[in-house]
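Novice: Questions regarding the structure given below will be posed in turn.
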Amino acid sequence: MENTLLVGLSRQMVLERQMDVVANNVANVTTNGYKADKSLFAEYLKSGAHEDNFVGKDRAVSYVLDSGTFKDFSQGPTELTKNPLDVAIDGAGFLVVQTPAGERYTRDGGLQINNQGQLVTAAGDQVLGGSGPIVFQPTDHDVSIAADGNITVLEGINRIDSVRGKLRLVSFAQAQALLKEGSNLYSAGTGTAAQPDIVSKVRQGFVEKSNVNSVAEMSRMIEVTRAYTQISTLLQQQSDLHKTAIEKLADVPA
Amino acid sequence: MRALYTAATGMAAQELNVQVISNNIANMRTTGYKKQRAAFQDLIYDHVRRVGAQASDQGTVLPVGVDIGGGVKTVGTPRLMSQGTLAQTGNDLDIAIRGEGFFKIQMPDGTFTYTRDGSFQMDATGRVVNAQGNPVQPTITIPQNSSGLAINAQGQVTVTLPGSTTPTTVGQIGLTRFINKAGLQPIGDNLFTDTPASGAPQDGIANVDGYGDMQQSNLEQANVEAVSEISDLIAAQRAYEMNAKVVSAADQMLQSTSALFR
């Protein structure tokens with residue numbers, strides 16, 4: 001008899017999680033290179049009682065379970081910033097970043113130069129080129145990043161470009177298996193080896209914005225709130241039903 | 001309910017975003033001002049069901065996991081050090097730098113600060129000083145009653161002394177570079193100080209070795225573009241509103257739960 005309550009509870013818990021996912025997407029609506037999360041649900045079957053207790057066949061009860069959040073890796077809009085150290089990746093590629101915990105991957109192309117002249121992310125982690133970190137010399141100016149990631153500069157009074165390295169771009173056969181680590185970084189788990197990406201193009205002077213579709217997130221938010229309220233009403237009615245039953249059945253006539 | 005706190009991080013981030021944008025707009029006419037922008041990153045994730053976890057002893061793995069993120073954080077407000085446009089002023093001691101480098105200014109306490117604002121003046125003793133009266137390095141004194149003050153692209157200052165027909169060089173204004181100029185710390189008054197992030201200052205001469213050249217009688221305008229600031233402002237305001245909506249939606253969900261108690 002308590003199935004309504006428990007099924008309702010399973011739905012509400014999942015809706016709360018979905019709301020958390022929506023809230024995280026909305027909070028990251030201006031985070032460069034952010035990829036939106038979407039929720040997936042699964043039915044979880046559990047037989048209600050033993051079959052012998054009923055004349056007819058007892059039906060299984062369906063609970064709901066959140067089975068996953070998949071990452072929407074679609075291209076985010078690119079914004080022109082004219083900053084020579086901003087790069088947007090056109091394609092499925094990722095930049096490779098060296099963190100204290102190992103190699104990580106990012107789509108956030110708002111890059112900087114640190115005090116040693118190395119190309120770093122906004123958090124200060126080295127961005128890796130084909131052969132280790134990319135290092136600029138003190139007299140370098142007019143940084144130019146080609147579509148294939150090749151970085152050239154004018155050094156001092158030279159009129160001929162000097163090569164400073166080539167951005168390492170990688171892609172993954174199963175990008176869904178990447179783990180979001182926060183700080184705009186992804187880590188590759190087992191079975192997801194990074195492969196060199198020669199298809200993606202680098203666009204200098206642009207940044208890729210978050211691919212969160214704010215209209216869709218707002219409608220999903222309303223949908224979640226309404227569904228949650230509906231279940232609450234259902235639980236309320238179930239509770240009323242119990243109350244009435246107890247009152248009526250236990251009413252001993254004087 | 002985590003959504004409440006997640007949305008709160010979003011609101012805080014957008015508030016900071018608006019602060020940065022409004023500072024850019026307020027300094028749209030500040031000589032040598034370099035615009036800033038807020039850089040955001042997502043917060044740490046709670047991996048409720050880890051992607052790639054073993055789903056059976058047959059070696060099948062979960063193709064997707066359940067990752068719940070905690071919101072957004074501000075990672076920095078990097079400064080965009082691009083060249084501002086030059087505006088002609090006709091004033092002899094206005095200098096704009098075209099290219100890399102900063103003017104070096106000596107503060108009253110003996111320390112050095114750096115600026116792109118080249119609107120210089122002469123003080124009572126004839127020294128070339130900035131708007132706060134602090135001398136430009138190396139210190140240059142303009143002799144009294146001299147005329148025809150000229151500053152060439154290398155920063156050499158020449159004047160014509162009374163009774164002479166040929167110009168005399170009285171000094172050379174230097175430039176200073178940093179390997180990471182975005183790492184300089186702003187201290188107000190259009191001045192920056194060096195930090196461990198900017199690297200050590202490298203003094204040099206204008207128009208040599210990649211240092212920019214000097215343009216007399218010009219001032220460098222701020223590199224703020226009104227159109228992009230306004231569109232950023234609108235986007236930030238909308239993002240703030242959306243985060244506020246998430247707070248009220250989460251609140252509504254909590255309310256419907258608490259209404260179950262009677």
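Novice: Among the residues of region A:190-241, how many are over 21 Å from A:V14 (Cα atoms), among the basic types (K, R) and within 10 Å of chain B (Cβ to nearest Cβ)?
Specialist: Summing the residues that are over 21 Å from A:V14 (Cα atoms), among the basic types (K, R) and within 10 Å of chain B (Cβ to nearest Cβ) in region A:190-241 gives 1.
Novice: Hey, another quick one. Please enumerate the residues belonging to region A:137-154 that are open to solvent by less than 30 Å² (accessible area, probe 1.4 Å), in a loop (DSSP other than H, G, I, E, B) and facing chain B (nearest Cβ under 7 Å).
Specialist: Residues of region A:137-154 that are open to solvent by less than 30 Å² (accessible area, probe 1.4 Å), as a first pass: A:140-141, A:145, A:149, A:151-154.
Keeping just the survivors that are in a loop (DSSP other than H, G, I, E, B) gives A:149.
Residues satisfying the conditions do not exist here.
Novice: From the set of residues in region B:185-213 that are touching a helix residue (DSSP H, G or I) at 6+ places or on another chain (Cβ under 9 Å) and not small (G, A, S), which is least open to solvent (accessible area, probe 1.4 Å)?
Specialist: It comes out as B:F192.
Novice: Which of the numbered conditions does A:D86 fail, given that it passes all the others? Conditions: (1) away from chain B (no Cβ under 14 Å); (2) farther than 24 Å from B:V66 by Cα; (3) modelled with pLDDT of 90 or more.
Specialist: Going through (1) away from chain B (no Cβ under 14 Å); (2) farther than 24 Å from B:V66 by Cα; (3) modelled with pLDDT of 90 or more one by one, A:D86 breaks only (1).
Novice: Could you figure out which of (1) away from every other protein chain (no Cβ under 13 Å); (2) buried (at least 22 other Cβ atoms within 10 Å of the Cβ); (3) in a loop (DSSP other than H, G, I, E, B) isn't true of A:A92?
Specialist: Result: A:A92 passes all but (2).
Novice: Got a sec? Which strands (runs of 3 or more DSSP E) wholly within region B:154-262 have at least 3 residues that are out of contact with any strand residue (DSSP E or B) (no Cβ under 8 Å at 6 or more places or on another chain)? It would help to see each step written out before you state the result.
Specialist: Values: elements: B:156-160, B:168-172, B:175-177, B:185-188, B:191-193, B:202-204, B:213-216, B:218-220.
Answer list for region B:154-262: none.
Novice: Same structure, new question: Of a type in the set (S, T, Y), away from chain A (no Cβ under 14 Å) and free of Cβ contacts under 8 Å to residues at least 60 places away in the same chain - does that describe any residue in region B:206-217? Show your work before the answer.
Specialist: In the first step, residues of region B:206-217 are kept if they are of a type in the set (S, T, Y); the result is B:211, B:217.
Adding the requirement that they be away from chain A (no Cβ under 14 Å) leaves B:217.
Next, only the ones that are free of Cβ contacts under 8 Å to residues at least 60 places away in the same chain stay: none.
Scanning region B:206-217, I find no residue that is of a type in the set (S, T, Y), away from chain A (no Cβ under 14 Å) and free of Cβ contacts under 8 Å to residues at least 60 places away in the same chain, so the answer is no.
Novice: While we're on this one: Check B:A182, B:A244 and return the single one that is over 30 Å from A:E217 (Cβ atoms) and open to solvent by less than 50 Å² (accessible area, probe 1.4 Å).
Specialist: Values: B:A244 fails: over 30 Å from A:E217 (Cβ atoms).
Step by step, each of B:A182, B:A244 is checked, and only B:A182 is over 30 Å from A:E217 (Cβ atoms) and open to solvent by less than 50 Å² (accessible area, probe 1.4 Å).
One line per residue, one yes/no per condition, for (1) under 30 Å from B:Q172 (Cα atoms); (2) part of a loop (DSSP other than H, G, I, E, B); (3) open to solvent by 60 Å² or more (accessible area, probe 1.4 Å):
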residue: B:I25; (1), (2), (3): no, no, no
residue: B:K34; (1), (2), (3): yes, yes, no
residue: B:V75; (1), (2), (3): no, no, no
residue: B:A87; (1), (2), (3): yes, no, no
residue: B:I97; (1), (2), (3): yes, no, no
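The values are calculated or read from the model by the stated rules, or taken from the named source; none is laboratory data. Note that this is a predicted model, so its numbers are computed, not measured. Positions of Cβ are backbone-derived with ideal geometry, glycine not excepted, and every protein chain shown enters the neighbour counts. Note: areas computed on protein heavy atoms with side chains; ligands, DNA, RNA excluded. Shrake-Rupley method; radii C 1.70, N 1.55, O 1.52, S 1.80 Å.
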